[in-house]
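Peer 1: This structure is in structure tokens; I'll ask about it shortly.
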Amino acid sequence: MKLDADLIVTADYVLKMDREQTVIENGAIAVKDKKIIGVGTEEEIAGKYSPARTIGGTGKAAFPGLVNTHTHAAMVYFRGLADDLPLDIWLREHIWPAEEKWLSDEFVFDAVELACLEMLKAGVTLFNDMYFFSDAVGRATKKTGMRAVLGAGIIDLPSKVAGTTAEYLENAERFINAWAGDELISTAIAPHALYTCAPENMARAKKLAERYNVPVHIHLSETEWEAGEIRKQYGRTPVELLASTGFLDERIIAAHCVWLTDREIEILAETGVGVAHCIESNLKLAAGIAPVHKMLKAGVKVAFGTDGAASNNDMNILSEMSTAAKVHKAVSGDPTALTAKQAMLMATRQGAEILGLGDITGSIEEGKAADIVIADLTKPHLTPMYDVYSHIVYSMKSSDIETVIVNGRVVVDCGELTTADESEIIRKAVYWGGKISPRNAF
């Protein structure tokens with residue numbers, strides 16, 4: 001007698017992204033009660049399960065949802081507002097003034113809906129965010145059916161959400177308590193960076209995170225200026241400074257890590273810090289190229305992030321994988337420096353592990369949440385097929401993503417969002433864009 005299943009996904013290739021990085025040809029995945037209950041060949045799964053619905057089919061690849069380990073989702077409304085500028089000028093003269101003028105609960109909610117729509121349609125099922133108005137980020141993310149780790153932002157400067165560090169921390173604590181136990185939304189503390197959050201306030205944020213057992217999400221050594229400024233102020237490099245206070249451990253998610261010494265790389269490996277590699281943002285802002293090849297060889301856990309769409313200018317992890325795999329070959333002089341299989345691992349299981357969700361998502365294995373992407377392989381740029389990893393990393397586009405499942409729910413079906421009105425999300429984005437237009441913004 002067959003077992004009931006809510007859904008069966010079939011595909012020419014099922015990439016499990018387990019420890020062996022198994023690929024099952026003519027494979028299938030059985031889903032019930034939001035979880036994966038069976039993975040095998042299509043024949044094996046068909047013989048064991050009776051589904052309410054079957055999706056996928058010939059000419060498809062199925063793989064775990066992609067993971068964006070560093071972004072500022074609401075900044076999607078500032079996409080293209082200020083481009084071709086150094087980071088310091090970009091932030092201080094354009095982005096921070098725009099945030100001061102426009103940020104509100106309504107703005108953030110509407111912007112995050114657009115960001116989630118963009119990410120889901122590009123196969124991203126989980127993102128790690130750092131921003132303000134965190135409750136609005138959570139509500140918008142939840143509405144679209146996406147999974148996220150949401151960090152309550154903390155800086156040493158007054159803003160629309162808080163006037164003092166103590167107030168930022170109180171807001172963060174309220175946010176953590178409000179979303180405790182949610183199926184899709186996890187929380188984090190997000191002190192911005194050492195140049196905007198003094199070491200003693202970093203320590204206060206870490207203490208709060210430890211009390212609630214949540215991750216800490218920071219920017220670290222993004223620019224040469226930042227690394228030099230911290231060394232000038234404190235007599236130590238950024239990583240050495242944080243290490244000296246006991247701040248660094250496996251619950252830290254450090255974005256960028258571009259300007260690292262060899263000793264700093266060793267410290268990151270020793271302490272288990274996870275690194276969010278945002279290569280396209282780093283390239284666009286001329287921040288530099290993170291020493292990912294060295295980090296990986298040293299045993300540092302590295303995954304991909306897009307950063308915000310104001311500095312990228314998209315939220316496409318497929319693109320990050322492709323760019324990173326090519327650039328690191330060139331800068332290292334080693335064509336094997338970052339292989340397609342390594343890149344795919346960083347974009348899925350390793351990303352989930354860095355965010356503390358490796359037991360829940362990141363691979364297609366029995367007992368894990370059904371966070372699954374189905375891509376159409378019957379495109380000119382994906383034909384003929386020799387190596388599915390190579391095609392996904394070097395050739396696949398977001399437009400090839402056909403179906404996206406999060407927590408067992410089909411949230412993108414035949415390329416269309418099922419959880420919210422796409423046209424309304426776009427309408428609101430156009431409305432806000434008209435208000436924010438540079439001729440009105442400042």
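Peer 1: For every helix of n ≥ 4 consecutive DSSP H residues, a contribution of -39,500 (n - 2.57) applies; sum these over the chain, divide by its total residues, and give [θ] at 222 nm rounded to the nearest 500 deg cm²/dmol.
Peer 2: -11000 deg cm²/dmol
Peer 1: Sorted by mean Cβ packing within 10 Å, highest first, what order do the peptides 301-313, 87-99 take?
Peer 2: So the order, starting with the most tightly packed, is 301-313, 87-99.
Peer 1: Another one. Just tell me, in residue order, which DSSP H segments of the chain are both 18 angstrom or longer along the helix axis (alpha-carbon based) and at least -1.0 in mean Kyte-Doolittle hydropathy.
Peer 2: The qualifying helices are 105-121, 165-178, 317-332, 422-436.
Peer 1: Please give me, ordered by residue number, the trypsin sites (Lys or Arg not before Pro) of the range 120-206 that lie in loop per DSSP and have at most 16 other Cβ atoms within 10 Å.
Peer 2: Passing both the DSSP loop test and the Cβ count: 160.
Peer 1: Same structure again: Would you mind working out the magnitude of the charge dipole of the range 264-338 relative to its Cα centre, with +1 at each Lys and Arg C-beta and -1 at each Asp and Glu C-beta, to the nearest 20 Debye? Intermediate values should be presented prior to the final figure.
Peer 2: Details: 6 positive and 8 negative charges, 40 e Å.
Once rounded to the nearest 20, the dipole reads 200 debye.
Peer 1: Select from 214, 406, 124 the residue whose mean-square fluctuation is largest in a Gaussian network model of the chain (Cα-Cα springs shorter than 10 Å).
Peer 2: Looking only at 214, 406, 124, the largest GNM fluctuation is found for 214.
Peer 1: In what sequence, highest mean first, do 102-108, 392-398 appear when ranked by Cβ atoms within 10 angstrom?
Peer 2: On the way: 102-108: 17.6, 392-398: 20.3.
In descending order of packing, they fall as 392-398, 102-108.
Peer 1: Further question: Among all the lysines, which ones have a C-alpha under 29 Å from residue 232's C-alpha, if same-chain residues fewer than 8 places away are not counted?
Peer 2: Those lysines meeting the cut-off are 206, 207, 284, 294, 301.
Peer 1: With both bridge residues required to lie in the chain, what share of the DSSP beta bridges run antiparallel, to the nearest 5%?
Peer 2: 45 percent
Peer 1: Now for a separate question. Sorted from largest down, give the three principal axis spans of the alpha carbons of the range 189-250, whole angstrom values.
Peer 2: 33, 19, 18
Peer 1: Using a ≥ b ≥ c from the Cα gyration tensor of the range 297-442 (square roots of the eigenvalues), is it rounded, prolate or oblate, where a/c under 1.5 gives rounded and otherwise the larger of a/b and b/c decides, a/b for prolate?
Peer 2: It is prolate, given that a/c is not under 1.5 and a/b is the larger ratio.
Peer 1: Another question, then. Could you work out the percent of alpha carbon pairs in the range 213-361 separated by over 28 Å, rounded to a whole number?
Peer 2: Beyond 28 Å sits 13 percent of the P(r) for the range 213-361.
Peer 1: Please compute the modelled spin-label separation between residue 385 and residue 182, points set 7 Å along Cα→Cβ, answer in nm with one decimal.
Peer 2: 3.7 nm
Peer 1: Report Rg (one decimal) and Dmax (nearest whole number) for the range 38-90, counting Cα atoms only, units Å.
Peer 2: 21.6, 61
Peer 1: Explain nothing, just the number: dipole magnitude of the chain about its Cα centre with +1 on each Lys and Arg Cβ and -1 on each Asp and Glu Cβ, in debye rounded to the nearest 20.
Peer 2: In debye, rounded to 20, the chain gives about 60.
Peer 1: Against the empirical 2.2 N^0.38 Å scaling, what ratio does the C-alpha Rg of the chain come to?
Peer 2: It is 0.95.
Peer 1: Toward the positive end of the charge dipole of the range 1-153, about the Cα centre and with charges on Cβ (Lys, Arg +1; Asp, Glu -1), which of 123, 145, 76 goes farthest?
Peer 2: The one lying farthest along the dipole's positive direction is 145.
Peer 1: Shifting gears a bit: Where Lys and Arg each count +1 and Asp and Glu each count -1, what net charge lies around residue 106 among other residues with Cβ under 13 Å from its Cβ?
Peer 2: Numbers: positive: 139, 160, 428, 435; negative: 105, 110, 113, 135.
Neighbour charge sum, excluding residue 106 itself: 0.
Read-outs: derived from the displayed coordinates by stated rules, not from any lab. Since the model is a prediction, treat every value here as computed from it, not as a measurement. Neighbour counts run over all protein chains shown; Cβ positions are idealised from the backbone, glycine included.
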